[in-house]
Structure formats: C-alpha cells, structure tokens
Amino acid sequence: MGRTLATGNNVAGHTLALAGEANRHARGCCAGAYPITPQTEIIEFLSGFKFNKGRIVLVESEHSAMGVCIGAALAGARTFTASSSNGLAYMTENIYAAGYYRLPTVMIAVNRTLGPPWNIWVDQGDSLMMRDAAWLQFYCDSHQDLADTILLAFRVAEDKRVMLPVIVAMDGFVTSHTQMVVDMFEQEQVDAFLPPCVIPHKLKHDHPSTFGGMTFSSETEHHRYAIQQSMEQALPVLEEARDEFENIFGRRPAGALETYETDDAETILIACNTMARTLHNVVTERRANGEKIGMIRTKLFRPFPRKELLAAIGNAKRVAVLDRNHSPGSGGIFWLEIAATLKDHADILLQDYLVGLGGGDVTPENIHAIIDDMNKRTTASEPEWKDTSI
Amino acid sequence: MMEITICGRGGQGGVTLAKIIASAYFLKGKYVQAFGVYAAERSGAPIQAFVRVDDEEITNHNQVQHPDHIVVLDRTLIAPGMDATLKPGGYLIINNPVDKTEFKDHFSGRKVATVDATSIAVANDLGTRTVPIVNTTMAGSIARVLGLTLTEILAALEHLGFTGPNKTCAREAYKRIHITTLPGEIHQAQAPAGKVRVADIFDEDVGGMPKIKTGSWATEKPERRRLTPPCNHVCPAGNDVRGFVEATGQANYDLALSLLLETSPLPAVCGRVCPAPCMDTCNRAEFDQSVNVREIERAAAELGTRPAPNRSTREAAVAVVGSGPAGLSTAYQLARLGYPVTLFEAGDELGGVLRTGIPSYRLPRDVLDDEIDYILSHDITAHTGCQLKREDMLRLSREYQAVFIATGLQNVSDLDLGETDAPAPVQGLHFLEKVRQGNERLDGQRVIVIGGGNTAMDAARSALRIGASEVRVVYRRTRTEMPAIHEEIEQALEEGIILDELVSPVTLVDSANGPVLTCQGMKLGPPDDSGRPRPIADTSPESRYDLPCDLVILALGQSHDISILPEGSVIKEGEALLGLSGAPFFVGGDFATNAGTVSAAIGCGVRAARHIHRTLSGEDLFPPPEEPIASSDQIRFNRFAHQSRAAVKTLDPDQRRRCFDEVHLGFQAGPGGETSVGQGAVSEALRCLSCGVCNKCDRCLEYCPEGVLKRDDKTDGYVFDLEYCKGCGVCMTACPRGAIYMAEL
Amino acid sequence: MSAVTPSKPYESHLLRPGNTNCAGCGMSIGLQWLDEALGDEQPVLVIPSCCGIVTAGAFPTSGYGVPTAATTFASSPAVATGISAVSAMNDIDNPVICWAGDGGTYDIGLATLSAAAERNEDIIYICYDNEIYGNTGGQRSGATPVGAVTSTTPSGKVERKKDIMAIMAAHRIPYAATLSIGHREDFLRKVRYARSVKGFRFLLMLSPCPTGWKSEPDQSTELIELAVRSGLFPLYEVFDGRRYRINQRPDSTSIKPYIEQQRRFREVWNNSDALQAFIDAQWQYLDGMATVFPAKDI
C-alpha cells in the first residue's frame, strides 16, 4: 500500500485483516466482533474485508466475541478482536480465559474511560484493568507505531516461547478517529513476516484431551509459573521480532520502551500513547532552554520491562510519571509499577501525576507545569492530581 | 487442642457431622472450627472433613495433618496406611457392620470403636438406599468415644435443627458402640514420596484415562440371576417352556424341539391336547394375553427335526407295564439313558388313552403314530395284546432289574338310573373306542352325555359326528366348574351341542315316544371336598323335568384298578412300592396320581426314570432345588408393546361337526389364511417375556451410565466391570424381566 | 438391538469409565447414547461450567475420550462457533457439540445461545436439563418446575418452567427436539437426524439428578419415562421452527408416581394442581401447533 492517509481505526482494521489473511495457507483466521465506541470502524472494516480463508463472526456481546476467538484459536486459527471500555469489562471473564488458556489472540484496545457515568474519551484504565489476565500489553503513540506493533504482536504472541495473547492499545478518538499519514503494508510483506499460526495445544482428534477442565493447586501453580516464565521470554522474542521486521520493512519499530534525551537527563518524565508525543515536543523545547530533561515512552506494559526501565533512567534522580489512569485507593497504575521497579533506589525522587483522566486534553502547558512542579520539589508526595479540564 | 479427621463419601453428610461435633463443644463454651475439603458435588466420591476444638481462639486454617481421632463413615474407604497420621492413643471410629472385620487387618495396635450406623440409619429412613445418611447416627458413637454425654450430643443435634429420627439414631449408636484395642504393633507411617512431576498444558501426553477406579464408590454390586419362569415351574412334565419358546422365537425349531424332547416325547400330542397350565400362569396375561404356548409346542414339533435315537448301552433291563403317556414317557427316558426297555400293553395298539380316549378330530391318528414310532425307535421292545395280572408281576421282578406300572384308570364310575327297558347307558370310554374303530353310527338319534370332563366333551362331539340329531351335555354344576378344557367346551358349543348346567340325572325310563331321562335342577351350595361348590337339589316343583333321548352316555370319571399290584403293596408318594422282593417297582401316571392330564403323566415318567436310574446306577439326575419363581412383580410391563396373539385357524363349526377331520389347525399367517406355521410360531414366541431369565436383549448394556457392561459369550450373558461400576442399579431397573439384582458387596 | 459402544476400548468411549459423575446420573446415560448415535464419528465437545465439565475430572487425565473444550459459563455457543467456523473453512467435518446444563442454557447463556441460533451456526447444542444449578449444590434455575424445592426455593418455586423449546423454535432453526433417557430408539433417531442436517440444532434432554432431586439412582430412567407418559415432558420435534411433530402423546399415567419419588416435590405431593395446569396448558399449545403446523413430510 505504501504511504496512506488513514485513521487509527482504519490502520488497525486493515493490519488485522492483512495479518489474518496471511494465515490463509494454514488454518485461516477468525474473529468474534462486537461494536463499541470508539472501536466500531475496526469491525466495520473487518466485516467488509474479503478473506480467502477467514470469518468475522458478529456476535451479540463482547463476552461472546472473546468466546468465538477462544474457540477459533482452540481449532488452530489466527484470531483477533477489538474493544474498549465497558466492552472490555464485559469481556473480562473470557479475557482471563484466553490468557490462562494461552491462546495467542491479538486484541486492539481503543482506550476509553470506563463508566457509567458514560464517557467516551480516552483513558488507559480499561486496558490496564486487564493487567493480571496473562496478556501482553503494548501502548501505541502513533498510527505507525500502531500498525507496526500489531504485526509485532502476532509474531510475539504466536511464538511458542511466549504463546500468550496480546493487547495493543491506542488512544480513543485521539488516535482512532484522527487521520494521519502512515506507511501501510502489502499483503506479501505481511505473508513474509508472519509465519503460519501454529497452536501446539489446539484440539486434536488423534489424541483427545480436555482443555480447561478441573485443575488442582499443584498444576495451577506450575501453570502460573510457566506463564510468568513465558512473559519474561517475551522481551528477547520481541527483539528478534524487531530484527525480522526491520529486514522486511526497512525500519525498526520501537521495542519495550523509547527514550529521548535521557543520557544526561536529571529529570525524566514517563508517559505513554499520544501524551508521550506531546511530552516529546515539550522536552525538545525545555532542552533548547538548557534544561537536562529527558523522557521515556513506556510502550510495553506487560511484561513490565523493569531492567530496561532502570537502564533508561540511568543516573537521573528525578522521575515523574504521567498517568492517564488511576487505581482508587492507591494511585496511577504506571506509577505503581515504576515504584516497584525503583524499590532499590530510594535516592530517586519518584512522583506520580494524574493527568487527562476521562479524556481531558493534555496540552504542552499542562506538561510545562508538571516539569516546573518537579523542579521545585525536594521530596515526593502522594500522587498529584493535575486538573487538565480547562 | 483436639483435632478430628472425618473420612466419608459425598452425600453421607461428613461436613455436617463435623459441624455437629463442633456444635457440641461450642455449647460447652469452647472455641471450635469445622470445615470440609471442597471439590465438586459428587455423591459417592471420597471426602474429608475436619474438626478442631480448643480452649483458646483457633487461628490455624490448614487441613488437619495429625488428628487425635479419625472417623470413618464408610468401611469401603478403609485402606492400609489410613491410620498413619493418627496420634498414638487416638481412636478410629468406624461405621462398620458386625460381620465385617477388614479393619482388624489394617489398624493393628489401634483403639477402634465400631457401630453399624448404616443399619440404624436405614432403619430410620435417613437418606436413599444407595447413599444412607449416617452422620447423625455416627454423632452418637463419636460422642461416646470423646466423653461427651448423650445429652450434650443431642443438644448439638438440636442446635443444628435435627429432630426425630436423627436423635433416635444418635441415641442408638451411643448405646451400641463397641470399643476395643486391636492387638499388635501400630504400623509406622510411610516416608512421603518424592516430588511428582506436574503436567503442563503443552504436554503431548495429556488426556489419558481417569485414574479413579470408581468401583470403590459402590455400596452394592449388580449380579445376574436366573429365576424360574412360572410356566416352567407349573409344567407337569417339567418342560423348559421358556427355553423352547425362546428357541422358536429365533426360528431355531430344531433347538426348540430338542429342548422339548429332553422331558417330553409327545410334543405334537401335548401341542394339541394339553390344558396348558403354563398359559394360565403366564405373566403376560396381566399385560394383554398369555403366550399361546401350546400352539408353539405344536409348531415346534411340526417344524423341528428330531435328533437320532441312541442305542442301549446298559445291561440292566426295565419292564414298563402300560403304554399310555406315563409308560411311553418312562420307556423313552430310560431308553435315552441307555437301558433296554420292554413295554407291555394290554390293548392291540400302543398309546393307552392317547389312542382310546382322545378322538381323532383332536388328535389325528397319524400324529400319534408318528410320535410313538419315534419313541419306539429307541431301544424299546413293545408287546401288545398283553394283559398282565398280579401273578405276572413276580415274573417281571425276576426277569428285569426294575418294573414300572402305569396302567391308568381301568375302572369307570357308574351311575344308577334305575331298572329300565330303555337301552342301557353306555360308558363314555367304551363309546369312544367303538367310534374309533369306525363301526358306530347314531344317525337321527338324540344323545345325552352325563358328565363335565374331557371324556364327556369327547363323547358328545363324537356322537355329533356320527350323526346324532341332537346332543346334550348334562352337568350338575355350572360351566365354570367343568373340568374339561375350556376350548373343548367352547368348540362343542360352537358345533351346536347343548349344555344343560345345574342338572343332575335321576332316572332313565322307557316311554311310548322312546327313552326319557328325568332330570333334577340343581343349585350351587358351599364348597365340597373337591373345593368346588356342592350341587344341591333345587326343591321347587318345576325343577324336575324330562328329557327325551335315544342314548345316554356316562362320563363320570375313572379310578385305578390296583388288583395288578401284589398283595401288601403300598403306594408311597405315588412313586414307589414296598413289599416285593427282587427288582424295585415304581408306579406312575393316572394309575398312581389320578392327575388326569397327559403332561402330568409324562412328568411322572421323567421322575420314574430318574428314580429307577438312581436305584440302578447310583447317579442322581434329579435337578437342584428350583430358583424362586419370577412373579409378575419382577416384570416391567411398561417395557413392552402390546401385541395380540398370532392368528390360529380352526375348522368352521358347520364344516367340522359331521366329520373327524382335525378341528384345530394351528398358526396361520396372512389375510388369505395360507398356512405359515413358522411365521405364526415365531411371532407368537416373540411375545414371551422370558420371565426371570436373561434373553440377551442388551437393555442392561444399553442403559449402563458408565458403559462398563459388556457382552460375554463365555457365560452366555454379560459381565460387569466391578472396577468401575458405581452400583447405581440402573441395569437392574433396565432389565425387563428381573434377571439382575443388586447384591451386597 | 446391538449397542456398539461397549465393545470399544475404554479410552475411546465418549464418556469414559472412571469419570466422577454421581451413580445413576442422567447425563451419563445421555452421553452413552450420544456416543452410540454418533457411531464412528468423533465430535468435539464444548462444555461450559457445569457438572458436565467436572465429569472430565482433574487435569491432565480426562473423563472424555473426545477432544473437549471447557468454556466460561455463558460462552459455550460462542466458543463452539469459533471451532465450527474454523472447521468449516478447513473442511473438517467432525460435529461440534455443545453439552450444557440448564443453567448455561436457560439463564446465563441464553443471549449467547440466541445469537448463535440467529446466525444459524453449524452446531448441535444439547442441553441436559436437571432443572437446577446442579454443580453448585442445587439452586433454582429458569428450568426448575413450579412447586419444586431447591436450595434457594425452600418452600417450592413460585414461577413455572421456562419454555426453552418455544424460544428456540422462535429462532426458526432447522431442528429442535426433546430427548428422553427412557426412550432409547427415539433418542438415537433424533440425534442421528440432527447430525444429518446443517445449521443450528437444539436438543433438550430431561436429566435426572439423584443428588439434587433426592431420588434413587436406579430409578433415573423410570422417572423420565413417567415424566413423558404423564405429559410433563413431551417428546416432540420442531422443524425450521414452524412445523411440529409429536412423537408420543401422554397416556393416562398420573403425575403422582413421578413426583412422589422425588423429595424435591414434597411441597406439591398433596397439591399438584399447578403442575397439572402447566401440563394441560403445554399440551393445549402443542396440540394446537401440531394441528395447524404439522410436520407431515419428514
């Protein structure tokens, strides 16, 4: 396809379709799909796509959408779906099932605030709610990042060292409905990049077994431990995938995280998704004024890349986390993970800022204010609420 | 702290029992804890529950590892090592019936308390038959061991809402518990096994057979049994009625016939003349109609091939006096056993009453001759025209190794009808003999037959056939009490014979218009010695009237003439004689029993042959005692579809009343009435329910929920895999004929 | 009558010996007959949370001798859809069969079931209906009959049993039928017929639960026979949701022997009017439908 003008949803729908079609010489692809704002264009695209060996099943609920994916994966097909917000909430039981069943489904989470009360705008809380479900999670900041990461997601998920499902998240409306320039893929390239989907534990007629029945504590313990080990394997597998991607597409997509101006930074800000792009511009501006500011975009959330993050923080002594999400009774969820990462670094001042909850527009001014606040600080305090509703 | 482990099966109330014990101590002010190990709700699966009791608050929530006492609710859970974790001095409290002692093998050195809680619970209707709820009962026995008072444990029951029978059971168990210390040393606990490899979802070899042998859940096991079908039980000849009917149903006529020929050499005869008590007792009558066994026997005789006769192999020779059915039967059975037999018959032809007493329209000559020929084809020498008397018996006792007398009923009952010039009444049997010889005609005559048995019917119908213009049967009771076969009476009436019920003859006199029989009307009174209502003369004047007639035939019954027997002989149980030296004498048939049927006579012959054989060889061929009879309670009628009897053909009354052609023509098939004996026989035979005897219908196998029933050709039936059978009893219920029952383990 | 199943080795029985179902479980008999009806064909079973999946026992062994997928409670028709869709696109013909209890069918899974039926997915859905949530200890479900005592209706259920067959017929699926474990030839014929047609097929089997019904295990088949003969559980088929064929009319058997053998009916032992009214209304409807919309030519 090459250089294209498209919305985030178009990009997602199209990339999923190409990835599904790439499995046409194996078991094919299948998706259960149910619409919810702001994801509807993805499934509309998929419904119109002419698969050579694939079927989009329009079900009656998100819970069933994941059910269809589970069934199709158990039958050995490549599977995918998309949802947001309360759709993800309704799907939760089966999201956990897919995770514990270790089926390599890819789901696009178009991040949207959970409700009621109803709010259609962006907030990472919906996909983060699934952080314990044994799914990998990627957070994308741009249309290109989204397209590239979806392909990476299939490659990593279906790798037998990982064999876990993957959420690929984008900002609702800000990415999903915004038209931008993006370099889209050709089918032959995707065919070359993605090997056929092989699910080693799929249902077999020559050797029948029961999948998912009663399991006692020792098998369960072992199972969870194996999932953790596979999660850890995701990082080296991701690196291999990035290498392969670069060979075919000529560019290297971001890995677990992206750094900018962190080498000699004294203060580092951490954010994800489109907010990280705004942050990028502010860092450029502050650097031009001589401040030693850097930023980290956390792209991979599960597994949480602790080692990589520590390395990226380096010698910086002040770290600010911008969380467009919140766990009531505690704080921002990225902050909680980063605090655990920094448990042996009491000398680093780590401060959480809650910004853009419920979809408020996070402007450069908001970020400047945060940096100014960081500069004044001598100690960290409880998570700071920064009102971005102007 | 006291800790108790309860081992039971799902459904027995183990967890509730833990709560009952805990309640008892709670009411005494203690801290308590009661819980079970939870999995899925499965009746019959082994479960564990725990109780802790302490003076201080209990903070330990782990499962009990070293109990002070172990309760066992189900003795089938007892296994070696079960007591391994029990503290020294602790008790095993076991629900155990008095006669089971496996626990003694496994718990040496331990203190053991036992009570039969299951019996107590079942007697008080707690739970279902397969899963009796024994917890409240056991609470009583446990209380005793723990030192709780009866009041305290009853209070605990009340606290949890248990009333009535539960308290009764607890009380009972408290009283009846038996406490002992087993001799020997306490077994040491085994060292725990090393770490077991845990399976992974990616393993290639997942999905194997389940490891639980669910046979350990069963409290009962299915067993096959063979009851006695009522037809077999009642057959006077001892035929395997069910057996030959089943064989016929499979169109295996040879097998059917050979089964018949085991006990009866006269199937073609009996298939025509037997009153068929088997049909009267057939359980199918409660469903739609009894199976037409007689007709099937006739068909088997017609369609089957007889086995070749054997030659004699023994030295000992036997004499049989009388060639009626009893004599023929005995001779046949003995010849089959290898004895040379000599048959003595007073008449000119063999057969006794078969030939002289049953008219050919009921039993064609050629049919009888054919069966007698087959009997004689065995090593039997027959002498006809040989009237033996008492003095001949001594000779026989020296020339032969055994003698069997079956001379039938030689004496006929007479009736005094007064002095008369009218032609004298004729005895029915003599009349029939003359008819048989073909010399008799009664054209235009009016005949009265006095009597109600088969001879009366035979005489009446024969009179009709030789031209009588009117035939009346006069009987002093009603049709219901007539001893003749019902079909005979029906056919007689169809042929136009008139039945005068409740009439007794008084005198026969001559008159200007010919002989007249004066008759007295009767009423039925209370039963007499025969069990039938006693006929009492009606005293009203109209009750006496006259019947004109040309011939009176008497058919009032017969009795035996024992003058043939040596003096001082005693008939013992109808079977044996005393008082003669030399060869042993046996008697049978009507001569001995007056049973009055061909099949009874045949049965006598079978038994006589066994007696004789046992006396001469020592070998006892009498069958073992009968299994219980399969009553209609054992039959599940709802399994079967109603099916009316296969069609049989009888000659039209108008056609048959003037000739001696066989009246009854057997099975017919097809609307056009073409004879297809086989089709009719098979279809009728398939109506048999096979009461109490497995006929491999496969229903048990089809209904087994576990799929652990297999066909077993070696045992000609089925085998149950008791390793997996849960003892549910569905097979027992599925069997339509009571051939499976649930036995104690 | 020549049952094939028992002669297969235990490993390839659809329901293997050593499974942990209660003695006399109606579901067990249904599974044996399903195995018999399918003959040489090996299905994929899709089983939601219910007694049916506990049957499989603990990983890694399995009480099922065919590939089986355990699904969340409401999801079996959705998961079966996924399997069926992929099978179809790969020319795999093994039948995909949902085996679900009444909880997952009448209640929590009804939306999923309805949608799969509306899409006419190529699935056979068999509900073994024991009229309670059996696996969780016997609470009431939408399938519980009026008057029945359950652990959540200690005085007897007030509402009547949901008519799931009417609901499924309203979806105009190719085939819906009731099955009885007291009527083997009828059962086998219907399963085989279902297998022979495509699209969504719904089969409803009344399944005694001796544990939940408080009945004797050896009476399981007798009870269902009584239920059929008394008219409480009709045997009938609906083709394309429009044409009705009644397989067996009630005879004069009273409802009493059926309810008197189950302690769950103790509240109605002396007053079964509501149950009888339910039966009468049910047959008025069925007779009407079979008269106006008969299935003549099948």
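The values are calculated or read from the model by the stated rules, or taken from the named source; none is laboratory data. Everything numeric here is computed off the predicted structure, so don't read it as measured data. Neighbour counts are summed over all protein chains in view; Cβ atoms, including those assigned to glycine, are modelled from backbone coordinates with ideal geometry.
Going through the range A:20-65 one residue at a time, which ones are assigned to a helix (DSSP H, G or I) and either more than 9 Å from every other protein chain (Cβ to nearest Cβ) or surrounded by fewer than 18 Cβ atoms within 10 Å (Cβ to Cβ) (or both)?
Taking the range A:20-65 as the starting set, the residues that turn out to be assigned to a helix (DSSP H, G or I) are A:20-21, A:40-48, A:62-65.
Of everything in the range A:20-65, those that are assigned to a helix (DSSP H, G or I) and either more than 9 Å from every other protein chain (Cβ to nearest Cβ) or surrounded by fewer than 18 Cβ atoms within 10 Å (Cβ to Cβ) (or both) turn out to be A:Gly20, A:Glu21, A:Thr40, A:Glu41, A:Ile42, A:Ile43, A:Glu44, A:Phe45, A:Leu46, A:Ser47, A:Gly48, A:Glu62.
Each row is one residue, and each column tells you yes or no for (1) farther than 30 Å from C:Ala56 by Cα; (2) touching a residue at least 60 places away in the same chain (Cβ under 8 Å).
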residue: B:Val682; (1), (2): yes, yes
residue: B:Glu702; (1), (2): no, no
residue: B:Asp713; (1), (2): yes, no
residue: B:Asp716; (1), (2): yes, no
residue: B:Val719; (1), (2): no, no
residue: B:Gly738; (1), (2): yes, yes
residue: B:Tyr741; (1), (2): no, yes
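Considering each of A:Ala89, A:Ala97, A:Ala82 in turn, give the residue that is within 14 Å of chain C (Cβ to nearest Cβ) and either modelled with pLDDT of 95 or more or not in a helix (DSSP H, G or I) (or both).
The match here is A:Ala97.
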* To do: Output the strands (runs of 3 or more DSSP E) that fall wholly within the range B:1-103 and possess 1 or more residues being more than 14 Å from chain C (Cβ to nearest Cβ), of a type outside the set (A, V, I, L, M, F, W, C) and in contact (Cβ under 8 Å) with a residue 40 or more places away in the chain, or say none.
  => B:2-9, B:46-54, B:69-72, B:91-95
* To do: Go through the range B:194-237 residue by residue and tally those that are more than 13 Å from chain A (Cβ to nearest Cβ) and in a loop (DSSP other than H, G, I, E, B).
  => 11
* Structure fact -> Of the residues in the range A:314-332, those that are of a type in the set (A, V, I, L, M) and surrounded by 24 or more Cβ atoms within 10 Å (Cβ to Cβ) come to A:Val319, A:Ala320, A:Val321, A:Leu322
* Filtering the range C:108-157 down to residues that are among the charged types (D, E, K, R) and within 11 Å of chain A (Cβ to nearest Cβ), which residue is surrounded by the most Cβ atoms within 10 Å (Cβ to Cβ)? -> C:Glu121
* To do: Among what's in the range C:4-25 and is assigned to a helix (DSSP H, G or I) and within 8 Å of another protein chain (Cβ to nearest Cβ), pick the residue that is nearest to the chain's Cα centre (by Cα).
  => C:Thr5
* Asked: Taking the range C:54-90, which residues are within 30 Å of B:Val196 (Cβ to Cβ), modelled with pLDDT of 95 or more and either more than 7 Å from chain A (Cβ to nearest Cβ) or not in a loop (DSSP other than H, G, I, E, B) (or both)?
  -> C:Gly63, C:Tyr64, C:Thr68, C:Ala69, C:Ala70
* Among the residues of the range B:527-542, how many are over 20 Å from B:Val506 (Cβ atoms) and of a type in the set (Gly, Ala, Ser)? -> 2
* Single residue of B:Arg355, B:Arg294, B:Arg298, B:Arg306 found to be modelled with pLDDT of 95 or more, surrounded by fewer than 24 Cβ atoms within 10 Å (Cβ to Cβ) and in a helix (DSSP H, G or I) -> B:Arg294
* State yes or no: is A:Phe211 within 14 Å of chain C (Cβ to nearest Cβ) and hydrophobic (A, V, I, L, M, F, W, C)? => yes
* Scope the range C:139-180; condition touching a Gly at 6+ places or on another chain (Cβ under 6 Å) and in a helix (DSSP H, G or I); matching residues -> C:Ala169
* **Any pair with Cβ under 7 angstrom, 6 or more apart, that starts in the range B:369-393 at a residue that is assigned to a helix (DSSP H, G or I) and ends at one that is aromatic (Phe, Trp, Tyr)** => B:Ile375/B:Tyr332
* Being outside any helix (DSSP H, G or I) and of a type in the set (Ser, Thr, Tyr) is the filter; apply it to the range A:251-287 and report the residue that is farthest from A:Ala157 (Cα to Cα). => A:Thr267
* To do: Check the range C:28-42 and report whether any residue there is surrounded by fewer than 24 Cβ atoms within 10 Å (Cβ to Cβ) and at the interface with chain A (Cβ under 7 Å from one of its Cβ atoms).
  => yes
* To do: Just give me the residues in the range A:342-365 being of a type in the set (Ser, Thr, Tyr) and either touching a Pro at 6+ places or on another chain (Cβ under 7 Å) or buried (at least 19 other Cβ atoms within 10 Å of the Cβ) (or both), in sequence order.
  => A:Tyr353
* Asked: Does C:Glu237 satisfy the criteria of being at pLDDT 95 or above and among the acidic types (Asp, Glu)?
  -> yes
* Asked: Taking the stated definitions as given, is B:Thr149 of a type in the set (Ser, Thr, Tyr), surrounded by fewer than 16 Cβ atoms within 10 Å (Cβ to Cβ) and over 18 Å from B:Asp83 (Cβ atoms)?
  -> yes
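Working only within the range A:154-188, note down all residues that are surrounded by fewer than 17 Cβ atoms within 10 Å (Cβ to Cβ) and over 19 Å from the mean Cα position of the chain (by Cα).
A:Lys160, A:Arg161, A:Gln179, A:Met180, A:Val181, A:Asp183, A:Glu186, A:Gln187, A:Glu188
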* To do: Being over 18 Å from B:Gly596 (Cα atoms) and more than 26 Å from the chain's Cα centre (by Cα) is the filter; apply it to the range B:322-337 and report the residue that is surrounded by the fewest Cβ atoms within 10 Å (Cβ to Cβ).
  => B:Arg336
* **Residue among A:Ile248, A:Ile227 that is within 14 Å of another protein chain (Cβ to nearest Cβ) and not in a strand (DSSP E or B)** => A:Ile227
* Look through the range B:103-126, keep the residues that are touching a helix residue (DSSP H, G or I) at 6+ places or on another chain (Cβ under 8 Å) and small (Gly, Ala, Ser), and return whichever of them is surrounded by the fewest Cβ atoms within 10 Å (Cβ to Cβ). => B:Ala113
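Name the helices (runs of 4 or more DSSP H) wholly within the range B:637-706 that hold at least 1 residues that are more than 30 Å from C:Pro208 (Cβ to Cβ)? Before the answer, list the steps.
Details: elements: B:653-656, B:677-685, B:699-703.
Correct list: B:653-656, B:677-685.
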* Structure fact -> Picking from B:Glu315, B:Glu220, B:Glu295, the residue that is touching a strand residue (DSSP E or B) at 6+ places or on another chain (Cβ under 9 Å), farther than 30 Å from B:Phe720 by Cβ and of a type in the set (Asp, Glu) would be B:Glu295
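Here is a yes/no grid of residues against (1) under 22 Å from B:Ala326 (Cα atoms); (2) surrounded by 13 or more Cβ atoms within 10 Å (Cβ to Cβ); (3) out of contact with any helix residue (DSSP H, G or I) (no Cβ under 6 Å at 6 or more places or on another chain); (4) not polar (S, T, N, Q):
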{"position": "B:Glu371", "(1), (2), (3), (4)": "yes, yes, no, yes"}
{"position": "B:Ile375", "(1), (2), (3), (4)": "yes, yes, no, yes"}
{"position": "B:Ser397", "(1), (2), (3), (4)": "yes, yes, yes, no"}
{"position": "B:Tyr400", "(1), (2), (3), (4)": "yes, yes, yes, yes"}
{"position": "B:Leu417", "(1), (2), (3), (4)": "no, yes, yes, yes"}
{"position": "B:Asp421", "(1), (2), (3), (4)": "no, no, yes, yes"}
{"position": "B:Val435", "(1), (2), (3), (4)": "no, yes, no, yes"}
